[in-house]
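Below is one structure, written out as structure tokens, with a few remarks after it.
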Amino acid sequence: AALLSPRMSLVKPSPTLAITDNAKAMKARGMDVIALAQGEPDMDTPANICEAAIKAIKGGQTRYTAVNGTAELKRAIARKFLRDHAMTINPDDVIVCTGGKQVLFNALVSTIGEGDEVLIPAPYWVSYPDMVVLAGGKAVSVECDASVGFKLTPELLKKAITPRTKWLILNSPSNPTGSVYTEADLKALGQVLKAHPNVLVMVDDMYEKLLFDGAKFATLAQVVPEIADRVLTVNGVSKAYCMTGWRIGYGHGPSWLIGAMSAIQSQSTSNPSSISQAAALEALDGPQDFIAAHNVIFQRRRDMVVSMLNECAGITCMKPQGAFYVYPSCAGVLGKTTPKGVKINNDFDFANALLDEKLVAVVPGSAFGLAPYFRISYATSDDILKDACQRIKDFCASLR
Ligand code: PLP
């Protein structure tokens, strides 16, 4: 360990992956564990997309491609921006990366100087702060609790911006809360951002397609075009197209930034998989109707999970309009004791005791920067969810 870089003391492995791994290990020991910690759709990649990949292999698309993505895929991404956001973009201002994660990483590494601050509304996706720190910056968490629907407000933003602010990160629909920023929300934030021309905005639209109750998607660069020249819009095929293992994400932004990100990529991983790029092309250009079908399933699960959680003593759960997560509060169980005699002092204790005593794995809210909450992923079957929620209900009822 003495040989590790000092930087490593600042970075921790993803807690969601750690909990999923722990649950998997318990399962392998024969325990009846239900893991609600995973961040991926439980549906398979659609067949037409898999076929496109097989065709690419057989057709010899097995070599290096252009470092930041094939011209065909970048044109398809430009068509997607036009179709979904009425934005006419230049395919040259697009970068294709190995997952959405690499888009974020390239952008932070290529822009952050020592001491630069990155505003991250909390609760946040676990990787943002660690990526910022790895890049040499300072992650500044801005608490956005249930009273503001877990969303950044113009007032909170105004208060958080300093002369050192380099980036603001926005994520809608949100992991871990499922909250969705409306067009009006983004316009209001845009008003504040207009007064701060040196702040870049990273807009993580990874869950764009997962929306319920007729909610409409909005993205900052479209609704506040005046600041589009400092917005990096990040998206990918992982969640919408059930392609988490294929590792394709993409970003659109100002050419100086895309150029710098491409330089980093050219000296680290080079192009994302040629085969996955061919599959992503089919995902974006092919039929989209299964997305609505999936959303019907996710919405039904969300309704069941939210209503069962709200029946648990001491738990309150908001009903979000996107992604496949809920973020219930466990404030009402703090101070209580489990049947095994464990006192629950915080959300970490709650998640640990729930796994130990009822074999349900959830992620404590402290991992996402806002306590006392926990995150449940409902990207699993109705029967499993029902069983899990019943166990949580029994667990809460057993607390004294
Ligand atoms: N952004 C958010 C909010 C996510 O939840 C995830 C994946 O969990 C990503 C980005 C990264 O997606 P990818 O698997 O394409 O790297």
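The values are calculated or read from the model by the stated rules, or taken from the named source; none is laboratory data. All of these numbers come straight from a predicted model, not from anything done at the bench. Neighbour counts run over all protein chains shown; Cβ positions are idealised from the backbone, glycine included.
Here are the numbers for the structure shown:
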{"item": "Lone unmet requirement of (1) assigned by TED's automatic domain parsing to the domain that holds Gly39; (2) within 16 Å of the ligand (Cβ to nearest atom); (3) in a helix (DSSP H, G or I) for Ser276", "result": "(1)"}
{"item": "Filter result for the condition that a residue is under 15 Å from Thr244 (Cβ atoms), among the aliphatic types (A, V, I, L, M) and assigned to a loop (DSSP other than H, G, I, E, B), over Ala37, Ala1, Ala53", "result": "Ala37"}
{"item": "Any hit, segment 61-82, residues being more than 16 Å from the ligand (Cβ to nearest atom), assigned to a helix (DSSP H, G or I), exposed (fewer than 11 other Cβ atoms within 10 Å of the Cβ) and not aromatic (Phe, Trp, Tyr)", "result": "no"}
{"item": "Some residue of segment 260-273 being touching a Phe, Trp or Tyr at 6+ places or on another chain (Cβ under 7 Å), assigned to a loop (DSSP other than H, G, I, E, B) and within 27 Å of Gln61 (Cα to Cα)", "result": "yes"}
{"item": "Complete set of residues in segment 191-211 that are within 11 Å of the ligand (Cβ to nearest atom) and either of a type in the set (Val, Ile, Thr) or closer than 16 Å to Glu155 by Cβ (or both)", "result": "Val203"}
{"item": "Failed condition for Ala218, given (1) within 13 Å of the ligand (Cβ to nearest atom); (2) of a type outside the set (Ser, Thr, Tyr); (3) in a loop (DSSP other than H, G, I, E, B)", "result": "(1)"}
{"item": "Yes/no for Lys58 being of a type in the set (Lys, Arg) and within 16 Å of the ligand (Cβ to nearest atom)", "result": "no"}
{"item": "Count - residues of segment 282-291 that are away from the ligand (no atom under 16 Å from the Cβ) and either crowded, with 20+ Cβ neighbours inside 10 Å or of a type in the set (Asp, Glu) (or both)", "result": "3"}
{"item": "Asp32 within 16 Å of the ligand (Cβ to nearest atom) and touching a residue at least 12 places away in the same chain (Cβ under 8 Å)", "result": "no"}
{"item": "Residue list for segment 225-263, restricted to those being closer than 21 Å to His196 by Cβ and within 11 Å of the ligand (Cβ to nearest atom)", "result": "Val234"}
